[in-house]
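Enquirer: Quick one: structure below, then a few questions.
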Amino acid sequence: MCKRNMRLAAMVVGCILFSGCSQNSAEAKYDDTSPCSRDIFAMDTYMNLKVYGTNADKALSEAEERILTLEKELSVTSDTSDIYKLNDASGEPVQICDDAAFLIERSKEFGLTTSGCLDITVFPVLREWGFTTGEYSLPDKKRISELLEYVGFDRIQINDNTVQLPENVQIDLGAVTKGYTGDEVINILRSYNIKSGIISLGGNVQALGTKPDGKDWKVAVRDPFKTDTDMCIVEIADKAVITSGNYERFFIGEDGKRYCHIIDPKDGFPADNGFVSVTVIGENGLTCDALSTAVFVAGEEGAQEIIKSFPGYDFVIVSDKEKVFYTDGLTGHFQNTSTMDAEVMTFD
C-alpha cells in the first residue's frame with residue numbers, strides 16, 4: 001500500500017499578510033477602512049474573499065454565486081458538469097457553456113505556447129495514478145504508454161460552443177479553473193466600484209488594487225521544503241500570485257519516492273525536471289495558473305523559453321537543489337525569508 005499525504009492548497013501555496021477584522025453583523029457598514037470578508041468552500045478547497053467598499057457585501061454575494069456556478073460547470077468529477085458530459089460523450093460532439101468553451105480554447109493556446117507542457121488531455125493518466133480518486137498506486141508502464149496514445153491537446157475540436165473529443169480522449173481544466181475564477185471574481189468586484197480587495201482561492205492569491213492605505217499587498221509563498229514556513233514575500237497590486245509545487249498533492253510510493261500530482265504529458269509520470277516549486281505573478285490569474293503548471297513541467301531545460309514568451313509576468317522558482325531564482329521584475333518587491341540562497345534569473 002502507498003502512504004497518502006494530501007495537503008490543502010490553501011494551507012501551503014500562498015498566505016496573505018494583512019490585518020483587520022471582519023464585521024459579520026447584518027447592520028454593519030462597510031467602507032474604505034472596514035473590510036467585508038467571506039469564507040467559501042468550493043472546488044474542493046477553502047476560499048477567502050476580503051474587500052473594502054460601500055458595496056462590498058453585495059459584491060461578495062455575487063462573487064460567491066459566480067464561484068459556485070463555475071464549480072458546477074467545470075468540475076471533472078460531477079456528473080452534471082459540462083466537462084463530465086464531454087468526457088462521457090464517447091466521441092460525440094457536445095454543446096457546452098461559454099466558460100468551458102473559453103477555457104478549452106485558451107488551454108489549447110497555452111498548449112501551443114508552452115510546447116505541450118500544459119496539456120488538459122492528460123486527465124486519464126492523472127486518474128491512473130489515483131490523484132482524482134485518492135486510490136494511489138504506481139501504474140504499470142505499459143498501461144501508461146497505452147493512455148499516452150490518447151494524450152494531445154491538438155485532438156480537441158472546438159467550434160464556438162461545440163466541442164468534440166475523440167473516443168478515449170478526456171480533459172481536465174484543473175490547471176486553469178481557479179486562475180480563471182479569480183479573474184471573474186476580480187471583475188465582479190470592479191463592477192461594484194470596489195477599489196481594494198484580496199482573495200485567496202485555495203492558495204491562489206489575487207489582489208484588486210492596493211491596500212486601503214495605498215500600500216502594496218504582501219503575499220507570502222510557502223517553502224516547499226518546510227511547508228509550515230514561508231519562503232519569500234512578494235509585494236503586489238492588481239496582480240495574482242499562483243504557485244504549483246510537488247508538495248501540494250502527492251503520495252509516497254512503495255519505493256519510498258514522492259510522486260506529485262503534476263503529470264508530464266511527455267512520459268505520463270509526475271514531473272521531476274529539477275523544480276519543486278514555481279510561482280507566477282501577473283495581472284491575469286488564468287495565465288498565471290497555466291504558466292505555473294507549464295513551467296513546473298518544463299523544468300530546467302524548457303522553462304527559459306516559456307518565461308521569455310511572457311515578458312509581462314514574473315516568476316519565483318525553487319530548484320530541487322534548494323536554490324531560489326526570481327525574475328528581475330520583482331527586484332524591490334521580493335524578500336527572501338528562507339535559509340536558501342536567492343538570485344535573479346539570467347537568460348542566454
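The values are calculated or read from the model by the stated rules, or taken from the named source; none is laboratory data. Since we're looking at a predicted model, the values are computed, not measured. With ideal geometry, Cβ positions are generated from the backbone for all residues, glycine too; neighbour counts draw on all protein chains shown.
Enquirer: Take the residues in the range 44-55 that are modelled with pLDDT of 95 or more and crowded, with 19+ Cβ neighbours inside 10 Å; name whichever of them is nearest to Gly174 (Cα to Cα).
Expert: By that ranking, first place goes to Met47.
Enquirer: Run down Gly245, Gly274 and say which single residue is surrounded by fewer than 24 Cβ atoms within 10 Å (Cβ to Cβ) and either more than 23 Å from Val125 (Cα to Cα) or not acidic (Asp, Glu) (or both). Break it down stepwise before answering.
Expert: Details: Gly245 fails: surrounded by fewer than 24 Cβ atoms within 10 Å (Cβ to Cβ).
Going through Gly245, Gly274 in turn, just one is surrounded by fewer than 24 Cβ atoms within 10 Å (Cβ to Cβ) and either more than 23 Å from Val125 (Cα to Cα) or not acidic (Asp, Glu) (or both): Gly274.
Enquirer: When you go through Leu147, Leu103 one by one, which is the residue that is over 21 Å from Lys72 (Cα atoms), crowded, with 18+ Cβ neighbours inside 10 Å and either modelled with pLDDT of 95 or more or in contact with a Lys or Arg (Cβ under 9 Å, 6 or more places away or on another chain) (or both)? Talk me through it step by step, then tell me what you get.
Expert: Numbers: Leu103 fails: over 21 Å from Lys72 (Cα atoms).
Unique residue meeting the criteria: Leu147.
Enquirer: Which numbered condition trips up Glu71, out of (1) at pLDDT 95 or above; (2) surrounded by 21 or more Cβ atoms within 10 Å (Cβ to Cβ)?
Expert: (2)
Enquirer: In the range 303-336, which residues are farther than 19 Å from Cys260 by Cα and among the small types (Gly, Ala, Ser)?
Expert: Ser309, Gly312, Gly329, Gly332
Enquirer: Can you tell me how many residues within the range 248-258 are in a strand (DSSP E or B) and surrounded by 22 or more Cβ atoms within 10 Å (Cβ to Cβ)? Steps first, answer last, please.
Expert: Quick first cut of the range 248-258, residues in a strand (DSSP E or B) only: 249-252, 258.
The next check asks that each one be surrounded by 22 or more Cβ atoms within 10 Å (Cβ to Cβ); those that pass are 251.
So the answer is 1.
Enquirer: Only one of Thr227, Thr210 is in contact (Cβ under 8 Å) with a residue 24 or more places away in the chain and over 20 Å from Phe325 (Cα atoms); which? Working first, answer last.
Expert: Numbers: Thr227 fails: over 20 Å from Phe325 (Cα atoms).
Answer to the check: Thr210.
Enquirer: Before we move on, is Ala175 under 27 Å from Asp320 (Cβ atoms), in contact with a strand residue (DSSP E or B) (Cβ under 9 Å, 6 or more places away or on another chain), part of a loop (DSSP other than H, G, I, E, B) and not β-branched (Val, Ile, Thr)? Working first, answer last.
Expert: Working: under 27 Å from Asp320 (Cβ atoms): yes; in contact with a strand residue (DSSP E or B) (Cβ under 9 Å, 6 or more places away or on another chain): yes; part of a loop (DSSP other than H, G, I, E, B): yes; not β-branched (Val, Ile, Thr): yes.
When the stated conditions are applied, Ala175 passes them.
Enquirer: Which numbered condition trips up Cys288, out of (1) over 30 Å from Gly152 (Cβ atoms); (2) outside any strand (DSSP E or B)?
Expert: Every condition holds for Cys288 apart from (1).
Enquirer: Just to be sure, is Val278 closer than 16 Å to Val316 by Cα, in contact with a Gly (Cβ under 8 Å, 6 or more places away or on another chain) and modelled with pLDDT of 95 or more?
Expert: When the stated conditions are applied, Val278 passes them.
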